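As structure tokens, the structure follows; a few thoughts come after it.
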Ligand code: APR
């Protein structure tokens, strides 16, 4: 499924983020940039040790929740990995929504500054960090849609959803956003 926002595409696909043919992929990291399971584990395992060697050297203090940093991509076919830290879900009253929004905005800004024409996101915070999938879908997609409307870049932003449940939740949210975006 995809929608068009000005000259940009916002697309959903089901699969593995390490296998995408894009300029940059986004990692759902932790604030120590210490690696982990899920997307983080898949990216470091497919990309090789050079990614963490670089983030350890360039970002010794890690990355705060809601912020993002960029590295090269080791053995992956993309040029860059953008590492962002989504919020841990704590019931929704501890700023989770703003922090998730900011993780997406800061990742998009880094991609924009590095002239990435295409970018792939996972469903940040919806695994180990426990953010409810339908709320994450709505917030994440709306944040990206607003960025594309304002900056008219990158030309392609893909969400790579790992399973059918995530794909379904994001499809539902994207249909609602398409109805709003038609008036932009
Ligand atoms: N490609 C795309 N999506 C994936 C992949 C993959 N290879 N592997 C897992 N996912 C999906 C999960 O199903 C989930 O919906 O990515 C989403 C995010 O899950 P997590 O990777 O657990 O990320 P998050 O919830 O943000 O938690 C971050 O987990 O791995 C640790 O170091 C990481 O501490 C950090 C925490």
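Readers should treat all values here as calculations from the given coordinates under stated rules, not as data from a laboratory. Worth saying up front: this structure is predicted, and the values here are computed from it rather than measured. No Cβ is skipped: glycine too gets one built from the backbone with ideal geometry, and neighbour counts run over all protein chains shown.
Restricting attention to the chain, close to 35% of DSSP beta bridges with both partner residues there are antiparallel.
By other beta-carbon atoms within 10 Å, ranking 110, 119 with the fewest at the front produces 110, 119. Given in Å, the Rg to one decimal and the Dmax to the nearest whole number for the Cα atoms of the chain are 15.0, 46. Exposure proxy shown here: for 8, 116, the number of other Cβ atoms within 10 Å sets the order, fewest to most, as 8, 116. The separation of segment 138-184 from segment 3-17, counted between C-alpha centres, amounts to 7 Å.
Sum -39500 (n - 2.57) across every DSSP H segment of at least 4 residues in the chain, then divide by the residue count to get the 222 nm mean residue ellipticity, nearest 500. Before the final figure, lay out the partial values.
Values: 5 runs with 74 residues, N = 184.
The helix-only estimate for the chain comes to -13000 deg cm²/dmol at 222 nm.
Specify whether the C-alpha gyration tensor of segment 1-84 places it in the rounded, prolate or oblate class, a ≥ b ≥ c being the square roots of the eigenvalues: rounded for a/c under 1.5, otherwise prolate if a/b is larger than b/c and oblate if not. It is prolate, given that a/c is not under 1.5 and a/b is the larger ratio.
What ranking of 59, 172 emerges when the number of other C-beta atoms within 10 Å of each C-beta is taken as an exposure proxy, fewest first?
Details: 59 16, 172 12.
Ordered from fewest to most neighbouring Cβ atoms within 10 Å, 59, 172 come out as 172, 59.
Its alpha carbons give segment 51-90 an Rg and a Dmax of 11.3, 35 Å.
The gain in end-to-end length when the residue 93 to residue 7 segment is fully stretched comes to 27.4 nm, 0.36 nm per residue minus the alpha carbon separation. Mean separation of Cα pairs under 8 Å and 6 or more residues apart, divided by the residue count, gives segment 2-181 a relative contact order of 30 percent. Projected label points at residue 64 and residue 79, each 7 Å from Cα along the beta carbon direction, are separated by 2.9 nanometres.
Antiparallel versus total DSSP beta bridges in segment 26-98: what percent is that, nearest 5? Mind dumping the intermediate values first?
On the way: 5 of 8 bridges.
In segment 26-98, approximately 60 percent of DSSP beta bridges are antiparallel ones.
For segment 6-48, compute Rh as the Kirkwood radius over C-alpha pairs and then the Stokes-Einstein diffusion coefficient at 4 °C and 1.567 mPa s; write the answer in µm²/s, rounded to an integer. Estimated via Stokes-Einstein, D reaches 109 µm²/s.
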